[in-house]
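The values are calculated or read from the model by the stated rules, or taken from the named source; none is laboratory data. The model shown is predicted, which means the values in this text are computed figures rather than measured ones. Cβ placement follows ideal geometry from the backbone for every residue including glycine, while neighbour counts extend to all protein chains displayed.
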């Protein structure tokens with residue numbers, strides 16, 4: 001047989017010989033892996049789908065180019081060579097093929113590993129999140145659909161009075177009408193803050209209705225002159241922009257409540273004809289006692305200011321409401337709102353909280369003696385119970401307020417807080433969904449939603465809500481930015497940027513951030529007296545910290561938060577027996593069967609163990625574990641939950657799990673080095689992983705400190721309100737010059 005050695009190989013053999021098939025397989029495996037990783041990572045950084053699509057297009061274009069390249073060229077130990085210049089009889093060509101085989105194996109292994117992680121780890125998490133979002137949307141849609149066309153928004157009535165400052169009066173009329181309509185059980189009424197967000201804006205009625213998802217809109221005007229008032233009201237079918245009913249009411253201010261109810265009754269009758277409402281159980285109240293025009297005027301001004309929820313406005317509200325009850329001691333709503341504002345103010349200023357509580361109780365008692373079923377009085381009781389850490393009473397009083405006024409957003413908020421404190425997280429979130437449904441632009445509801453998102457690590461969404469809030473309430477919007485940046489992301493400089501703009505709001509964390517990076521004197525310059533002890537604690541001035549915290553406890557001896565706060569100061573100061581006594585007291589003040597916070601309760605567990613009470617220690621740890629697990633089950637992933645997890649693991653003598661939880665806490669924003677000094681972690685101090693964690697936190701704080709100095713010394717966002725001391729910026733300025 002004659003063998004012809006001059007025959008050319010087939011195209012398939014030539015492709016195989018030139019490693020084209022190997023390159024194609026390697027390219028496809030690598031491209032698939034890159035595409036999947038890009039599809040997962042790009043959305044996490046806010047890039048959306050566009051970059052992932054571009055990557056796929058580039059990889060698709062590159063595929064034929066790589067095949068042509070592999071046909072023409074080959075990598076050799078001497079570098080890139082044309083295929084025609086390579087002697088295929090040499091072993092080097094076989095070596096190139098083997099290297100490609102190894103690359104293919106590695107890429108396929110990585111692709112298989114990613115597929116497994118995506119399938120069994122990431123996909124279930126995505127599915128669970130999608131199911132939850134779908135369920136929430138379905139619940140909201142079902143609730144909206146259950147009302148059908150029976151929905152209305154009351155827009156702020158236009159002030160046509162000669163004095164522009166009388167606008168609070170027209171707003172008050174609108175709000176009273178809204179509250180009266182909200183008592184019709186079959187009618188979905190959009191609450192105040194959402195309806196009032198359109199105030200002064202030239203937006204067509206159909207667009208307003210679309211944004212608020214309502215079928216009807218009530219608008220009107222108020223003209224006040226002396227003790228006479230003319231109110232014009234118009235009921236509009238929103239989609240067609242058709243007037244269903246309109247009327248003018250000319251009255252004296254002596255019977256303002258009667259005219260409000262007269263208007264509400266007329267609107268209810270018109271709605272009944274249009275929507276077949278059954279007004280037999282409308283829960284319409286009898287007319288309130290007639291009050292003097294001066295008292296009613298002061299009351300409306302005070303109530304309007306309370307909605308703003310900042311220190312200056314609440315202080316001003318109290319002055320107006322005190323004038324209202326002085327003008328007419330028989331005006332029940334003014335007494336109730338004065339009680340509410342008195343308690344709200346204690347959140348902003350350091351004061352004798354016990355005296356404030358007694359003042360609030362006196363006014364609530366007077367309000368309910370005048371009107372036993374007054375919604376504002378029940379809401380005030382709910383707020384008092386919340387401050388007393390009595391969630392059962394908070395829930396009971398809030399529900400009574402909502403039975404009278406179903407659209408009372410503040411009462412719904414206090415109900416939600418009470419449910420959360422009892423660990424009834426699903427019910428609490430359902431209340432939040434209801435708040436957003438009847439008041440989609442509510443400052444209170446969206447602030448609560450932002451908190452909820454931060455606790456679940458959804459910081460980008462929380463920042464988006466904060467930006468939306470700034471247009472309505474700069475105080476609330478800035479506060480949410482601070483919360484997400486400081487307590488969630490650990491971005492201290494960014495948090496300080498927003499916190500400095502909130503100095504006048506009374507809830508600024510600027511002092512906290514400055515103390516954390518070692519700027520203690522700057523922190524003291526802007527801190528309220530009630531938090532000054534934590535600046536001392538950060539600086540290691542424990543005697544001063546103990547004295548201040550004890551003084552705060554004396555002001556609020558029955559406040560769980562204040563007692564636990566003082567216990568924590570003793571705890572980190574190393575005065576363990578005093579810390580245990582304070583924590584035992586806090587546990588006694590907490591609701592039966594509940595801890596006073598898993599974090600503090602774990603510290604009590606360590607203290608009981610240290611005192612030789614192992615049974616008590618285990619009981620405290622179990623209490624903390626139950627609440628921690630419930631919060632985890634509710635989806636919380638914050639550094640607070642990680643810190644609790646670390647303490648539980650340390651208590652159970654599981655150092656590996658404790659270290660892992662601490663590492664997660666740092667990733668989730670933990671920037672407080674004092675936490676690592678917890679006596680419960682004493683046995684970890686020599687562990688190199690623990691040492692590395694401490695160094696990591698110090699390095700992160702050092703980086704943030706530099707950013708903060710650059711911010712306050714060169715880019716101060718509030719130069720007219722606050723300036724750093726010269727010595728703070730001296731070194732930074734010298735470096736820049």
Problem set entry | Residue within the range 526-534 that is under 25 Å from residue 347 (Cα atoms) and crowded, with 22+ Cβ neighbours inside 10 Å present | yes
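Only one of 433, 460 is part of a helix (DSSP H, G or I), in contact (Cβ under 8 Å) with a residue 24 or more places away in the chain and closer than 21 Å to residue 413 by Cα. Can you tell me which?
Working: 460 fails: closer than 21 Å to residue 413 by Cα.
Within the list 433, 460, the selection yields 433.
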For this session: Spot the failing condition for residue 441; the list is (1) within 16 Å of the chain's Cα centre (by Cα); (2) in a helix (DSSP H, G or I), and only one is missed.
Result: (2)
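Take the residues in the range 161-178 that are over 19 Å from residue 244 (Cα atoms) and in contact with a helix residue (DSSP H, G or I) (Cβ under 8 Å, 6 or more places away or on another chain), then tell me which one is modelled with the lowest pLDDT. Can you show your working first?
Going through the range 161-178, the residues over 19 Å from residue 244 (Cα atoms) turn out to be 161-173, 175-176.
Cutting the leftovers down to in contact with a helix residue (DSSP H, G or I) (Cβ under 8 Å, 6 or more places away or on another chain) gives us 161, 168-169, 171-173, 175-176.
On the way: 161: 81, 168: 73, 169: 76, 171: 79, 172: 76, 173: 77, 175: 78, 176: 76.
Among residues in the range 161-178 that are over 19 Å from residue 244 (Cα atoms) and in contact with a helix residue (DSSP H, G or I) (Cβ under 8 Å, 6 or more places away or on another chain), the one modelled with the lowest pLDDT is 168.
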Exercise. Which one of these is surrounded by fewer than 21 Cβ atoms within 10 Å (Cβ to Cβ), at pLDDT 75 or above and within 22 Å of residue 164 (Cβ to Cβ): 210, 230, 239?
Worked result: 230
Exercise. Only one of 706, 682, 698 is under 16 Å from residue 518 (Cα atoms) and free of Cβ contacts under 8 Å to residues at least 12 places away in the same chain; which?
Worked result: 706
Problem set entry | In the range 200-228, the residues that are without any contact (Cβ under 8 Å) to a residue 60 or more places away in the chain and within 19 Å of residue 180 (Cβ to Cβ) | none
Problem set entry | Filter result (within 16 Å of residue 307 (Cβ to Cβ) and more than 11 Å from the chain's Cα centre (by Cα)) within the range 459-479 | 469, 471, 472, 473, 474, 475
For this session: Taking only the range 464-493 into account, find how many residues are in contact (Cβ under 8 Å) with a residue 40 or more places away in the chain and part of a helix (DSSP H, G or I).
Result: 9
